[in-house]
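Please read the structure below before turning to the comments.
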Amino acid sequence: MPSFFSSTRDIPQVNPVPRHIAIIMDGNGRWAKQRMLPRAAGHKRGVEIVREMVKACVARGVDYLTLFAFSSENWRRPAEEVSMLKQLFIMALEREAEKLHRNGIRLRIVGDIAPFGDKINELVERAERLTQSNTSMTLTIAANYGGRWDLLQAMQRLIEANPQQRGGFTEEQLAGHLAMAYAPEPDLFIRTGGEQRISNFLLWQLAYSEFYFTDTLWPDFDAAALDKAIASYQQRERRFGRTSEQLELAGGARASKKELA
Ligand code: IPE
Ligand code: IPE
Ligand code: MG
């Protein structure tokens with residue numbers, strides 16, 4: 001069993017460009033409401049922004065982009081909205097998989113997707129298989145994902161994989177069974193739409209991520225807005241528990257532009 005990197009066990013390398021960006025894409029409904037449009041219009045525009053964001057992240061050298069599309073709590077929404085979101089997911093998978101593939105992007109879906117039905121499950125399988133060897137960036141869509149669901153399924157699988165082990169499990173062991181075990185922990189976490197909460201997103205992996213909240217609604221979040229978030233990230237001092245003085249001695253862990261020069 002391979003060992004997995006954990007920011008609480010080892011100190012990760014800090015680069016000026018975040019290697020992994022995770023985003024809660026929030027504000028589609030309010031964007032539509034401001035324009036007296038149905039919520040569906042906001043979600044449609046939201047999908048277009050996803051396309052733009054994928055391009056922008058590849059261009060900036062981001063290795064992993066993770067987008068929260070549907071939370072395990074979003075089933076609480078009106079049935080028509082849930083079904084419309086499923087429809088959009090189907091359309092996006094049908095239309096975008098080839099394009100992602102042509103651009104060398106690997107697509108992964110994380111979350112409990114069985115309840116979405118056969119059609120979505122088949123499309124996901126096909127798109128993941130098609131793009132599995134691509135290396136320019138990994139795009140992860142979290143669908144019917146919840147951080148607590150992920151921790152529970154990881155724990156379950158950990159126990160199943162080690163029937164003889166009665167205790168003494170390590171962080172690396174658990175992390176190896178999380179849905180996103182293939183990716184490093186996010187360096188930068190962005191939430192659009194003004195709320196300042198995690199809403200049950202990546203609970204384990206956000207332990208040492210830098211947080212960036214913006215009032216900009218997701219359908220308005222463009223490449224310039226992304227650059228603002230990255231610029232804010234570059235001003236942070238990522239200490240991982242150490243003191244500033246220690247960082248100075250070690251050559252600094254600020255992901256600043258200065259260090260690029
Ligand atoms: C985010 O936008 C998209 C999903 C949760 C699917 P919202 O639909 O939550 O938009 P607001 O928060 O109502 O504006
Ligand atoms: C979080 O947005 C989930 C997604 C963006 C998919 P919500 O709009 O559902 O979050 P809450 O309900 O405001 O916390
Ligand atoms: Mg919302």
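In square angstrom, what is the accessible area per residue of the chain with a 1.4 angstrom probe?
I get 52 Å² per residue for this part.
Summing Lys, Arg as +1 and Asp, Glu as -1, what charge do residues with Cβ under 14 Å from the Cβ of Met91 carry, Met91 excluded?
Within the 14 Å Cβ shell, the charges total +3.
Among the GluC sites (Glu not before Pro) within region 187-250, which fall in a DSSP loop and have no more than 14 other Cβ atoms within 10 Å of their own Cβ?
Within region 187-250, the qualifying GluC sites (Glu not before Pro) (loop, at most 14 other Cβ atoms within 10 Å) are Glu195.
Starting from the Cα coordinates of the chain, work out the convex hull volume and express it per residue in Å³.
Convex hull of Cα atoms, per residue: 142 Å³.
What list of ³J(HN,Hα) couplings, whole Hz, do you get for region 11-23 from phi and the Karplus terms 6.51, -1.76, 1.60, once you set θ to phi - 60° and write x for glycine and proline?
Working through the residues one at a time gives 8, x, 6, 10, 10, x, 9, x, 6, 9, 10, 10, 10 Hz.
Can you tell me how much longer the chain between Glu160 and Glu195 gets when fully stretched, taken as 0.36 nm per residue apart minus their C-alpha distance, in nm with one decimal?
Result for the pair: 8.8 nm of gain on full extension.
Compute the signed sum of charges (Lys and Arg +1, Asp and Glu -1) over the other residues within less than 13 Å, Cβ to Cβ, of Ile24.
Within the 13 Å Cβ shell, the charges total -1.
Working out 0.36 nm times the residue gap between Thr8 and Ala250, then minus their Cα-Cα distance, what length gain in nm do you get to one decimal?
In short, 85.3 nm is gained.
Using helices alone, I'd like the mean residue ellipticity at 222 nm for the chain: each DSSP H run of four-plus residues gives -39500 (n - 2.57), total over residue count, nearest 500.
-13000 deg cm²/dmol
Report ³J(HN,Hα) in whole Hz for each residue of region 57-73, in order, from the Karplus equation J = 6.51 cos²θ - 1.76 cosθ + 1.60 where θ = phi - 60°; Gly and Pro get x.
With coefficients 6.51, -1.76 and 1.60, one gets 5, 4, 4, 8, x, 6, 8, 9, 10, 10, 10, 8, 9, 7, 8, 5, 9 Hz.
Gln34 to Arg129: extension gain in nm, 0.36 nm per residue of separation minus the Cα-Cα distance?
30.2 nm
If you add up the charges near Gln153, with Lys and Arg at +1 and Asp and Glu at -1, over every other residue whose beta carbon is less than 14 angstrom from its beta carbon, what do you get?
-1
Can you pull the one-decimal nm distance between simple spin-label points at Lys99 and Arg76, each 7 Å off the Cα toward Cβ?
Result: 3.3 nm between the two label points.
Obtain the nm distance between the two label points defined at Glu48 and Ser136 by a simple spin-label model: each point lies 7 Å from its Cα along the Cα-to-C-beta direction.
2.2 nm
The values are calculated or read from the model by the stated rules, or taken from the named source; none is laboratory data. This is a predicted model, so every value here is computed, not measured. We place every Cβ from the backbone using ideal geometry, glycine too, and count neighbours over all the protein chains shown. Only protein heavy atoms, including side chains, enter the accessible area calculation; ligands, DNA and RNA are left aside. Shrake-Rupley method; radii C 1.70, N 1.55, O 1.52, S 1.80 Å.
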